[in-house]
Every structure is written in C-alpha cells, then in structure tokens.
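This is the structure, below, for whatever I ask next.
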Amino acid sequence: MRTLTHILSRREAGVIFSLSLMFIVFLIGNPQFFSIQNIQAILLNAAWIGIIAIGQSLALGAGVLDLSVSSLYGFSALMFVIISNDFGLFPGFFLTLLIAITFGFANGVLVTKLRINPLIVTLGTQYFARGLIYLITRGFLRSLAQPFRDAFLVRIFTGTVGGWNLLVFWLLFLTIIFQIILFRTKFGQDILAVGSDPQTSLSRGISPNSTLIKAFMVTGLLAGFSGIMAAMELVSVSADMGVGMELKSIAAGVLGGCSLMGGIASPLGAVLGAIFLSGLYSGMIMLGAPPYAFIGAVGVALIGGVALNDYIIPWLQKKLQK
C-alpha cells in the first residue's frame, strides 16, 4: 500500500499507468509486441521525440510552449549535413548546436523583451526555419558524405551494442541529467517558480526574463541535438523532416505529467510519454490498424492522460489516505 501511495504521488503516475495498460493490451493482441526487437525499435523511435520532449518539459515548466522545435529539428539535421560535408563532422556538430541555441535565444528575447506571445513567436520561427529548409534543399534530399557515415563521432552516438542503438542510452543519460537539473539546481527551481507565478518569483530575486531565455535556449539545444542524431542515423535529410514533432513533444510532456499552466514539469515523465506514443504507434501497426488511425488514437490518449493526471490519480490518492 505504501509503495502504491508513493507511485501515485508522483507526476509520472499517469503515464506509468498508461504504459502498463498499453503493454498489456498490445501483448494480448500480439505477443510479438514484447519481443526484444520490437522494444528496441520502440525505444529508438522514442529517442528523437524524447530528447525534444525533455526540452519541451522545461518550457512547459516555465509556463510557455515552443512550437519551433519541429522545424529546428529538421533545420539542425540539414545544417549538420551541409557543414559536415564541407568542413568535417566536429565543426558540423558544434556549429549546428550553436545555431540551434541561437534560435532558442532569439525566441526567448522576442518573448521577453518585445512581449510577443510565445505561441506567436515560436510559430513564426517554426515557419521561418521550415522556409529555410525548403529554400536550401528545394525539396530534394541532402545526404551525409559516405566517408563520414561510419566515423567515430557518428558511432558513439548512433552505433549499436548488442542490438541496442546507443541513442537510447543517450536518451537515458539526458533524462537523468535534466531530471537532476530541474529538481536539484537553482536553474530548475527558477523555471518552476517562474512557471508558477512570475510576479512572485520576481519578488524572490528570480528574473523571469532571464529564466525564460535560458529555457528557450535549452529547448533549442535539445531540438538541435535530436536533429543531429537523426541525420547521423538516417544519413539523408528531407525537406519535411520533423513535421508534426512539436505537437508530439507537447503531447509527450502533457502525458508525462507536465502542466500547460506552468510550474509543474518532469523530464522523466516527458520521455515516458514519448515512449508511450512510440509504443502506441508500433502496437497499432502490429494489430493491423492503418497508420493514419494513430493520429486519432493520440488525441484520445492525450485527453485520457490529462483526465488521469488531473482527476483520477488525485481521486485515488484521497481514497488511499482515508
């Protein structure tokens, strides 16, 4: 009973319950769902969204949304390929991360200094970055040069060990790091304080503007990193790469217990939400559902996840306390 009470007290309780239910349903529907190969595929597909969702969870914690992450993901993948092909992998890696951070910084400055609504700002930078992608590629694929595809830098991020892609371990590493940052550092506490009440945080000596700019920079950094990882893994970059990932990253965060009102967030929950979405897609395909049915299922899961986090879990907590 004490263990159950402890689990229910965590913001990730809803997504843990949802994951457990999903695995049971799909395991009954098709025992191959729990095969090691399928689990590896689910986690790999969740890694790209999961890394972005970690950054999105910090933005949600600060009380904002970042809609630009999908285009920044694709633009970073493209920039990595272009810069690497011309100057080498290491310049491509670090310069692309710098570009991604710059985008995040620009988002933060426009929101805090010009007082433009975060949704408008990040929607605008989303279209701007996507427009740059189309302008540069003209709709054609851009591919990483053949000599770089098996280079050391690529292998340490997207190589395999025992059938497991190293990107899964990088996702685990980043989850632990940002879970610590959010709940064990001043920066993380500042984010949650600003998301809860900007005016109160200001009276406590916390700068809402500075905190929001840093949050957007982290979101940009992780979107850029995820895009680089995708370019390394997939080798080729298409003009529509990343389309729709902004909504998936927000859905992952909300499913994982992050609040759209700010002040409540969990990088771990966001990653578990990304795993849930990846598993949901895989399970539906294995049961023979058409791919487009996944969109409707995400909508149902999102509404159910919010109801679970905001109503059912608190109700169960009160019942156990009696």
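For region 131-147, what are the residues that are touching a residue at least 60 places away in the same chain (Cβ under 8 Å), in contact with a helix residue (DSSP H, G or I) (Cβ under 9 Å, 6 or more places away or on another chain) and not aliphatic (A, V, I, L, M)?
Selection gives T137, R142, S143.
Select from region 192-217 the residues that are out of contact with any Phe, Trp or Tyr (no Cβ under 8 Å at 6 or more places or on another chain) and under 23 Å from S76 (Cβ atoms) and list them in ascending order.
L212, A215
Next question, about the same structure. Does T96 qualify as being among the polar types (S, T, N, Q), at pLDDT 95 or above, buried (at least 20 other Cβ atoms within 10 Å of the Cβ) and in contact with a Gly (Cβ under 8 Å, 6 or more places away or on another chain)?
yes
Somewhere in region 68-84, is a residue under 20 Å from the mean Cα position of the chain (by Cα) and outside any helix (DSSP H, G or I)?
Scanning region 68-84 turns up at least one residue that is under 20 Å from the mean Cα position of the chain (by Cα) and outside any helix (DSSP H, G or I).
So, of the residues in region 99-147 that are among the β-branched types (V, I, T) and farther than 28 Å from V194 by Cα, which turns out to be surrounded by the most Cβ atoms within 10 Å (Cβ to Cβ)?
The selected residue is I133.
Another question, if that's okay. Quick one: which of L144, L98, L135 is in contact with a Ser or Thr (Cβ under 9 Å, 6 or more places away or on another chain) and either farther than 16 Å from V81 by Cβ or not small (G, A, S) (or both)?
Among L144, L98, L135, only L144 is in contact with a Ser or Thr (Cβ under 9 Å, 6 or more places away or on another chain) and either farther than 16 Å from V81 by Cβ or not small (G, A, S) (or both).
Using the structure shown, decide if V194 is within 29 Å of F87 (Cα to Cα) and aliphatic (A, V, I, L, M).
So V194 fails the test.
Out of all the residues in region 154-193, which are in a helix (DSSP H, G or I) and more than 26 Å from Q56 (Cα to Cα)?
Narrowing region 154-193 to residues in a helix (DSSP H, G or I): 154-158, 166-184, 186-193.
R155, the sole residue that qualifies.
Within region 206-214, identify whether any single residue is of a type in the set (K, R) and closer than 17 Å to I51 by Cβ, and answer yes or no.
Among the residues of region 206-214, not one is of a type in the set (K, R) and closer than 17 Å to I51 by Cβ, which makes the answer no.
Now, a different point. Determine which member of the set V161, V81 is of a type in the set (A, V, I, L, M, F, W, C), closer than 22 Å to A230 by Cβ and at pLDDT below 95.
V161
A follow-up question, please. What tally of residues in region 152-206 results from selecting those that are farther than 19 Å from G257 by Cβ, hydroxyl-bearing (S, T, Y) and touching a residue at least 24 places away in the same chain (Cβ under 8 Å)?
Final tally of qualifying residues: 1.
The values are calculated or read from the model by the stated rules, or taken from the named source; none is laboratory data. Keep in mind that what you see is a predicted model, and the values were worked out from it rather than measured. All Cβ positions, even for glycine, are placed from backbone atoms using ideal geometry, and neighbour counts span all protein chains on display.
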